[in-house]
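Peer 1: There's a structure below that I have some questions on.
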Number of protein chains: 2
Amino acid sequence: MPMTTPVTGTLNGRDDEARAEQVYQLVLEGIVAGEYAQGTRLRERELSELYSVSRIPVREAIQRLEQDGFVETFPRRGAVVRRLSLSDVNDLFDVRLCLETFAARMAAVQVAQGAPGESLQELLDAGRQAIDDGRTDDVVRLSAAFHAEIVRLSGNRLLIESVKPLFGRMRWIFGLAHNRSNELQRDEHVELCKAILGGHAELAYSLAYSHIELGREPVLRGLAGTLEP
Amino acid sequence: MPMTTPVTGTLNGRDDEARAEQVYQLVLEGIVAGEYAQGTRLRERELSELYSVSRIPVREAIQRLEQDGFVETFPRRGAVVRRLSLSDVNDLFDVRLCLETFAARMAAVQVAQGAPGESLQELLDAGRQAIDDGRTDDVVRLSAAFHAEIVRLSGNRLLIESVKPLFGRMRWIFGLAHNRSNELQRDEHVELCKAILGGHAELAYSLAYSHIELGREPVLRGLAGTLEP
DNA sequence: AGCCTGAGTTTGGTATACAAAACGTTCCGG
DNA sequence: CCGGAACGTTTTGTATACCAAACTCAGGCT
């Protein structure tokens, strides 16, 4: 007797919770895929009609997109997709150097104290497989997951939260730039993984540092033409 | 009728488009002041009636409070004031050590490259005055502003954003704990300020490190009884 | 030409309504 | 007496409609 909603045709069959979450994901996909170019206005009514939801979920989604650094909103003038500048990219790499190296060190400490770290090795193996199979999308996804897993292993929940917006921006920026060789990256991941699982905190720290720093130049070159001053 | 909220006197006049922001500030005040105890449910309707606004600004405020770490929301069950645990405090200090020491180093670099840093000295002087006058609230506020100014001087906008939620939590946690001597803190601030204005990056780094670390134990002691496991 | 003005557009905000999920309470049967 | 199902209540999540302020842009006035 609960429901069997017979005629609620407003939404396509997919009964789902969290309209706002869906709108967030859809718009985010649009941004990182370049469908919504930098500077594009995001009109609430437009999006609500496009996705067949009301304005409330759209507002919530836009609010989250702003907090995650994808859009900028101006009072009474709405939201536009953010324009990335050179300093945005450099700032991102600097903060990553700060937080992710700390995470790597702490992850090694945690593992040395008995925390389980197989998940890291598993992600690495899955990445190897994806490279061999030529599934480029999965390679990128698993590489990001590897970095996220290190942060998770650090055991610092605030750190996990603080890094989340960075990963969103990374996905965007790395998507715009053409990434450097997956093979080279993987070698660095392997070394880093070994250091963490071996509990070598300072080694993990410096490997993470150089791995992140090595990513900066290729990204800057890849974005050379498309960035604002 | 849209009625102007009678919360504070400064509302009338050129005030607009700030309902959500005001609700955010008011609820935040309630939380850091201990009026809303940890675990208290925050009902949308309740708050909207209390502050004479509709539910939309309340929802927006709650969303921001969640992102800043003050409340936790559960799907279909609403928001409650977060319960602070021992590890929350330790996590906060660890991430502060990570980000604020980096900010201090970068601020020194920026100053060495010609960025203006008088604002830091001014905050220090204002703090001295506040201590001499016994204006404890101002002392705390200016101390926080000093830390924020260092981050601002780093010139890294992403860092500024990333640190913002930390400062919110700090205000909460430091408010619950009884702080250590303002005099001691000020001496450390003076040293740190000198290092930054002198452009001594590594000195600024290590001074910031020890200053932050010295704050941990007193806070943990001050909160000893009131924290969850 | 330059400035002002007014219509259209868009956002920010409010009120109201309703469905669905969680919560509480009661009531029934074992 | 107790466990669990049925029911009603509460609260969130969403939709819809509407209003006011402000920004945009075109056109008209001095």
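Peer 1: For the structure I just gave you, tell me whether B:Ile160 is of a type in the set (Val, Ile, Thr), free of Cβ contacts under 8 Å to residues at least 40 places away in the same chain and out of contact with any strand residue (DSSP E or B) (no Cβ under 8 Å at 6 or more places or on another chain).
Peer 2: Criteria met by B:Ile160.
Peer 1: Name the residue that is farthest from DNA strand D (Cβ to nearest atom), counting only residues in segment B:63-75 that are away from chain A (no Cβ under 11 Å) and open to solvent by 10 Å² or more (accessible area, probe 1.4 Å).
Peer 2: Ranking the candidates gives B:Glu72 first.
Peer 1: Moving to a separate point now. Against the condition more than 17 Å from the chain's Cα centre (by Cα), within 11 Å of DNA strand D (Cβ to nearest atom) and in a helix (DSSP H, G or I), how does B:Glu46 come out, does it pass?
Peer 2: Judged against the criteria, B:Glu46 is a match.
Quick grid of which residues meet (1) within 19 Å of the chain's Cα centre (by Cα); (2) open to solvent by 20 Å² or more (accessible area, probe 1.4 Å); (3) closer than 26 Å to B:Ser87 by Cβ:
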| position | (1), (2), (3) |
| --- | --- |
| A:Pro116 | no, yes, yes |
| A:Gly134 | no, yes, no |
| A:Asn156 | yes, no, yes |
| A:Ile173 | yes, no, no |
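Peer 1: Here's a follow-up. Check off (1) within 14 Å of another protein chain (Cβ to nearest Cβ); (2) modelled with pLDDT of 95 or more; (3) surrounded by fewer than 21 Cβ atoms within 10 Å (Cβ to Cβ) for B:Val163 and give me the number that stays unchecked.
Peer 2: All conditions are met except number (3).
Peer 1: Sticking with this structure for a sec: Please verify whether B:Pro229 is in contact with a strand residue (DSSP E or B) (Cβ under 9 Å, 6 or more places away or on another chain) and either open to solvent by 30 Å² or more (accessible area, probe 1.4 Å) or at pLDDT 95 or above (or both), treating the condition exactly as stated.
Peer 2: So B:Pro229 fits the description; yes.
Peer 1: Would you kindly identify the helices (runs of 4 or more DSSP H) lying entirely within segment B:81-153 that contain at least 2 residues that are among the charged types (D, E, K, R) and within 14 Å of another protein chain (Cβ to nearest Cβ)?
Peer 2: Of the helices (runs of 4 or more DSSP H) lying wholly inside segment B:81-153, those with at least 2 residues that are among the charged types (D, E, K, R) and within 14 Å of another protein chain (Cβ to nearest Cβ) span B:86-112.
Peer 1: A follow-up question, please. Somewhere in segment A:206-222, is a residue under 26 Å from B:Asp68 (Cβ atoms), in contact (Cβ under 8 Å) with a residue 12 or more places away in the chain and either surrounded by fewer than 16 Cβ atoms within 10 Å (Cβ to Cβ) or touching a helix residue (DSSP H, G or I) at 6+ places or on another chain (Cβ under 9 Å) (or both)?
Peer 2: no
Peer 1: Just to verify a result, which residue in segment B:63-80, among those that are outside any helix (DSSP H, G or I), touching a residue at least 12 places away in the same chain (Cβ under 8 Å) and not β-branched (Val, Ile, Thr), is farthest from B:Leu142 (Cα to Cα)?
Peer 2: Result: B:Gly78.
Peer 1: Further, regarding this structure: Restricting the first residue to segment A:18-37 and requiring it to be under 13 Å from A:Ala61 (Cα atoms), which pairs with a second residue that is among the charged types (D, E, K, R) and part of a helix (DSSP H, G or I) meet a Cβ separation below 8 Å and a spacing of at least six or different chains?
Peer 2: A:Ala20/A:Glu60; A:Ala20/A:Arg64; A:Val23/A:Glu60; A:Tyr24/A:Glu60; A:Tyr24/A:Arg64
Peer 1: In segment B:49-62, what residues are open to solvent by less than 40 Å² (accessible area, probe 1.4 Å), in a helix (DSSP H, G or I) and within 12 Å of DNA strand C (Cβ to nearest atom)?
Peer 2: B:Pro57, B:Val58, B:Ala61
Peer 1: Does segment B:39-62 contain any residue that is touching a residue at least 24 places away in the same chain (Cβ under 8 Å), aliphatic (A, V, I, L, M) and within 21 Å of A:Ser162 (Cα to Cα)?
Peer 2: Yes, that holds for at least one residue.
The values are calculated or read from the model by the stated rules, or taken from the named source; none is laboratory data. For clarity, every value in this text was computed on a predicted model and none was experimentally measured. Quick reminder, even Gly has a Cβ in these numbers, built from the backbone with ideal geometry, and neighbours come from all protein chains shown. Side chains are part of the model used for accessible areas, which takes the heavy atoms of the whole protein and leaves out ligands, DNA and RNA. Shrake-Rupley method; radii C 1.70, N 1.55, O 1.52, S 1.80 Å.
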